[in-house]
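Have a look at the structure below before the remarks.
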Amino acid sequence: MTGGGDGVGAEGEVGVEEVWTARRTRAVAAVAAALTVLAGLGVRAFMDGDLAKYAGDALYTVLICALAAVIAPGARPVVTAGAGLAFSWAVELLQLTGVPAELSRHSTAARLVLGSTFNAPDLLWYAVGAGFAWAVAALATSPGSAPRTSASR
């Protein structure tokens, strides 16, 4: 490749290694999303009260961050965490309008995705989830965590 090490060749083509990295990132993010859903189901099944509620809030944002990584596998962890946090906060603030509450009365899916009632402490727990997602993604993508190839030795 002659693109200066950025993964793009002289005519703008993407290298095989970059395609493989994107596919691997998407697969890992999809598995993380599935595990997050399972963790959320476990929280609902085995916990109750505020602990369960706020753990669910944090896991909601972790799931959104994982889905952001599936959609944009080349994005830096801080970007996917920021996108997940922004989405979560937007949904929570949308609850101030009453629209999610009305939709939730008619749809279980809407209730799961949009919630129904604004609760200010949720904003903090979304930030906790985004921070956790960022930390895990940053550790997973740090230079020391990547498998070494013969070209990188």
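The values are calculated or read from the model by the stated rules, or taken from the named source; none is laboratory data. Quick caveat: nothing in here was measured; it's all calculated off a predicted structure. With ideal geometry, Cβ positions are generated from the backbone for all residues, glycine too; neighbour counts draw on all protein chains shown. To get the accessible areas, we keep the full protein, side chains included, count just its heavy atoms, and leave off ligands, DNA and RNA. Shrake-Rupley method; radii C 1.70, N 1.55, O 1.52, S 1.80 Å.
Between Ala140 and Leu35, the modelled label-to-label distance comes to 0.7 nm, taking each label 7 Å out from Cα in the direction of the beta carbon. A Förster radius of 22 Å combined with the Cβ-Cβ distance from Thr117 to Ala90 puts the calculated FRET efficiency at roughly 0.90. Distance between the pseudo-spin-label points of Arg26 and Ala75 (7 Å out from Cα toward the beta carbon): 1.5 nm.
Taking label points 7 Å from Cα along the Cα-to-Cβ direction, Val99 and Ala52 give a separation of 3.0 nm. Computed over protein heavy atoms with a 1.4 Å probe, the accessible surface of the stretch 20-68 works out to 61 Å² per residue.
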